[in-house]
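Everything on this sheet refers to the single structure shown next.
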Amino acid sequence: MAFTHNLGFPRIGAKRELKFALESYWKGRSSREELKVLGKELRQRHWQDQSDLGLTPVGDFAFYDQVLDMSFTLGNLPERVQGFHGDALDNYFRVARGRSTQSAEENAQCCGDVAAGEMTKWFDTNYHYIVPEFTAATEFKLDASRLLEQLAEAKEQGIKAKPVIVGPVTYLSIGKAKDDSDKLALLPPLLQVYAELLETLAAQGVEWVQIDEPILVTELNADWQHAFNNAYHQLKSCRVKLLLATYFGQLLENTYLAANLPVAGLHVDAINGRDDVQPLLNLLPIHKVLSLGVINGRNIWKTDLNAVLEWLQPLHERLGERLWIAPSCSLLHVPVDLDSEQKLDCEIKSWLAFAKQKLVELRVLAVALNQGRDAVKAELEANRAAIEARRNSPRVNNPAVKAALAKITPQLGQRRSFYAQRAAKQAALLKLPKFPTTTIGSFPQTEEIRQARSQFKAGEIDDASYNAAMQAEIARSVGEQEALGLDVFVHGEAERNDMVEYFGEQLDGYVFSQFGWVQSYGSRCVKPPILFGDISRPKAMTVEWIKYAQSLTTKPMKGMLTGPVTILNWSFVRDDQPRSVSCKQLAMAIREEVLALENAGVRVIQIDEAALREGLPLRKAQWKEYLGWAVESFRITANGVADETQIHTHMCYSEFNDIIAAIADMDADVITIETSRSDMELLDVFDHFKYPNEIGPGVYDIHSPNIPTEQHMVDLMKKAAERIPAERLWVNPDCGLKTRQWGEVIPALKNMVAAANTLRASAG
């Protein structure tokens, strides 16, 4: 009998209940107990949705991040929070975001805010995790209370539980040494705590534990390969069965290593790594379970169940009960429930599957394998019809778009002059001071903005009333920037619900869900647009808003756009053509908007590529191909303008050091980039790479409510000036200010402007 299980489930709730509960608690509007009760209710609901699986994941729920949960389970807390005497959950939030609630800080008589943990992308997804921190003195101490509490809840509900934890080698790999110590030197004491944890779970009657080791799909040197062998040979005596899970890519040269680790089962991503399966069949010991991820856990298209069955049937005949089937990875990366969508285009809805529907697909596959296809004949026929309908739909393919793509030439991506010539013309036109100040684009999305948007979508106010409300918010943003004394303004993006969704709504080839929310980090959720067909731009998308903002000030106003690579990487993309083709279609569409802004008199245009790194293949051998078409797409978008038009781009919350040459190849006049959480660590790359253009290393961590001091920002910029000439430095926050409150933003930006003035005075 083929056996079904799941690797993880979305934790936010179908209606984003967790998001709203977290934000209410952080604002002091609800109690800690109310938050914990809501967490329990969500866990119970999600377990019920998975209750007929062979095994259900427990421990995949987190109030902020599963990696941060693992750090607390292992007792690996940064030194700066170890003296906290309040509730453990509040200390958890202090690591996540710099503080919990103000009342919690006061009640614990704490010394105040702390630096939030560094945040970066979980492999090549848009999910952000809190980076574990290590030093040579790091000690680990088990705190299994979170897992044990959830395990007890699951038992009470009658759930066949499979605890889920991050594996020790991956945990060390994705963490960061805060000194010069070797992370692998921490493996022996870390394994002692893992062994203690596994024995604790065994004492609770746990049979299987899912231990996630996704770094097995990356290139590993001999030391890290040895770490795997060392780790799992030490853990093999524990009284639980380990299902070692890999996902997001192929095992390739790690296939032999993975197959021979002393674990009871191995899960592989058969969406991205199907070619790994045949070699594994010849390598796996005859007692070991092989779990195949046959449902795509990262995209929302229906699975071609008939095609998957054709592939699975001989494997089932060979492996029998040793064959487990599952989604390719945790369903954290897809929305919860397609049935919630009542306004989605009916034709396109018939092509989709969200988390709950993916579990239904999994069950259909299991029944077909175990009882024969006739037992699910109707389901398989309906699936076949949906797959064929999408494949043959005239809405998917646009000959005009394909013809335009065929005409792309290298000249389309070239600026008219080199940077030095452009910079001189831009300086003469813009007349900016040294250390010019700007923000990244968005200002707070106030309750008034959200209410007006909600009323407009519900038909309660007309176009004129909505536009007037947005113009009032734009005027507020411009007025605040005038008062602050910033040098290059933004319009604040009041009219934009999301930096990708806003553009997708105005491009042909996209469709949108109402409730297709996916967690990005903490309480931050995004609703990725669904790219189903060829992309084109039927009309201008931003021009009138920017023109209105520019009419309110004599300061330069940035036109704000999202770049093609980021729109692609933050969408649910087509799986019927290469991603590079979709990206170039987007590039041609956004290029039209760039030229329209320039024609409207806008002389500073920012094209955000926050997700450039996110799309990077996990294996360095594949980087060149991706960066080739990604950088080409940006250049197609940006480089049709005159020399006098200054092109900015922005990137955040990823490691950029090892792709800095590709970033330079983008040839943006100015790049703004996140550096404050990592204490300007990114700038280390400039010790040996001379970045040729202008750069704004972010000095204000906008993902924390903490307000940075003037001196803190001056110190960060002085670090930057040691590596980059002062005349090429900008002063700006790490990212947009959409998620912050005006009460936080104004004092932080005042300090930022003061810091710039101090730097100018120091520079004479």
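The values are calculated or read from the model by the stated rules, or taken from the named source; none is laboratory data. In this text, all values refer to a predicted model and were calculated from it rather than measured experimentally. So basically every Cβ, Gly included, is an ideal-geometry build from the backbone, and we count neighbours across all protein chains shown. For the accessible areas, the whole protein counts, side chains as well, though only heavy atoms, and no ligand, DNA or RNA atoms are used. Shrake-Rupley method; radii C 1.70, N 1.55, O 1.52, S 1.80 Å.
Remark on GLY117: its backbone amide H falls under 5 Å from those of ALA96, ARG97, GLY98, a criterion applied only to residues 5 or more positions apart or on other chains, H modelled at 1.01 Å from N.
Once the Cβ-Cβ distance of LYS155 and ARG363 is raised to the sixth power relative to R0 = 30 Å, the FRET efficiency obtained is 0.80. Rg ratio for the stretch 364-446: its Cα radius of gyration over 2.2 N^0.38 Å, N being its residue count, equals 2.37. Taking each residue as 0.36 nm, the span from LEU252 to ARG395 lengthens on full extension beyond its C-alpha to C-alpha distance by 47.7 nm. Would the stretch 497-568 count as rounded, prolate or oblate if I go by the C-alpha gyration tensor, calling it rounded below 1.5 in a/c and otherwise prolate when a/b exceeds b/c, oblate otherwise? Note, shape of the stretch 497-568 comes out oblate.
Hydrodynamic estimate: the Kirkwood radius of the stretch 277-379 over Cα pairs, inserted into Stokes-Einstein at 4 °C and 1.567 mPa s, corresponds to D of 87 µm²/s. For the stretch 708-764, a simple Cβ point-charge model (Lys and Arg +1, Asp and Glu -1, everything else neutral) yields a dipole of about 100 debye relative to the Cα centre. For the stretch 1-136, the convex hull drawn through the C-alpha positions has a volume of 136 cubic angstrom per residue.
Could you pull out which residues in the stretch 229-268 have an amide N less than 16 Å from a spot 7 Å beyond the Cα of ASP223, following the Cα-Cβ vector? Residues 229-231 fall inside that zone.
In this simple spin-label approximation, PHE689 and SER350 carry label points 7 Å from Cα along the Cα→Cβ vector, and these lie 4.9 nm apart.
With θ taken as phi - 60° and the Karplus curve 6.51 cos²θ - 1.76 cosθ + 1.60 applied, the whole-hertz 3J(HN,Hα) list for the stretch 309-314 is 5, 4, 7, 6, 3, x Hz, x standing for glycine and proline.
So for the chain, averaging the separation of alpha carbon pairs under 8 Å that are six or more residues apart and normalising by length, what relative contact order in percent results?
12 percent
For the stretch 544-600, the relative contact order is 33 percent, taking Cα pairs closer than 8 Å that sit 6 or more residues apart in sequence and dividing their mean separation by the residue count.
Most simply put, the stretch 135-292 has about 0% antiparallel DSSP beta bridges, counting only bridges with both residues inside it. Placing +1 on the Cβ of every Lys and Arg and -1 on the Cβ of every Asp and Glu, with no other charges, gives the chain a dipole of roughly 920 debye about its Cα centre. Across the stretch 110-262, C-alpha contacts under 8 Å between residues 6 or more apart give a mean separation that, scaled by the residue count, equals a relative contact order of 24 percent. Applying 0.36 nm per residue to the separation of LYS457 and GLU207 and subtracting their alpha-carbon distance, the gain on full extension is 85.0 nm. On the basis of the beta-carbon distance and an R0 of 60 Å, GLN577 and ALA137 show a calculated FRET efficiency of 0.70.
Ligands, DNA and RNA are left out, and with a 1.4 angstrom probe the accessible area of the chain is 37 Å² per residue. Once backbone amide H atoms are built at 1.01 Å from N, GLN646 has VAL604, ILE605 as its partners under 5 Å, excluding neighbours fewer than 5 places away on the same chain. Across the chain, counting alpha-carbon atoms alone, Rg and Dmax equal 26.0, 82 Å. Quick check on the chain: of the DSSP beta bridges with both residues there, what percent are antiparallel, nearest 5%? If I count the DSSP bridges inside the chain, around 15 percent turn out antiparallel.
Once both labels are positioned 7 Å from their Cα atoms along Cα-to-Cβ, the gap between ILE286 and LYS36 label points is 5.1 nm.
Given the pairs LYS121/LYS738; LYS15/LYS302; LYS343/LYS558, which are separated by over 24 angstrom at their Cα positions? Pairs exceeding 24 Å: LYS343/LYS558. The HN-Hα couplings worked out from phi for the stretch 179-193 by the Karplus form 6.51 cos²θ - 1.76 cosθ + 1.60 (θ = phi - 60°) are 9, 8, 6, 8, 4, 5, 5, 8, 4, x, x, 5, 5, 4, 6 Hz, whole numbers, x standing for Gly and Pro. Farthest toward the positive end of the dipole of the stretch 157-196, out of GLY158, SER181, VAL193, is the Cα of GLY158, where the dipole comes from beta carbon charges about the Cα centre. In terms of distances greater than 19 angstrom between alpha carbons, the cross-link table entries LYS162/LYS241; LYS356/LYS527; LYS555/LYS719; LYS36/LYS356; LYS690/LYS719; LYS431/LYS555 yield LYS555/LYS719; LYS36/LYS356. Here the peptides 604-610, 720-726 are ranked by packing, the mean other Cβ count within 10 Å, and the order with the highest first is 604-610, 720-726.
Applying 1/(1 + (r/R0)^6) with R0 = 51 Å to the Cβ-Cβ distance of LYS434 and GLN514, what FRET efficiency is obtained, to the nearest 0.05?
0.60
Taking amide H as placed 1.01 Å from N in the peptide plane, ILE295 has its amide H under 5 Å from the amide H of ALA326, SER328, each at least 5 places away in sequence or on another chain.
Taking label positions 7 Å along the Cα-Cβ direction at both ALA468 and LYS407, the computed distance is 4.3 nm, reported to one decimal.
Counting only protein heavy atoms and using a 1.4 Å probe, what share of the accessible area of the chain belongs to carbon plus sulfur, as a whole percent? Roughly 50 percent of what the probe reaches on the chain is carbon or sulfur.
Restricted to Cα atoms, the stretch 522-604 shows a radius of gyration and a Dmax of 15.1, 48 angstrom. Over the stretch 228-346, the fraction of Cα-Cα pairs per 10 Å bin, rounded to whole percents and listed from the shortest bin up, is 12, 40, 30, 12, 4, 1.
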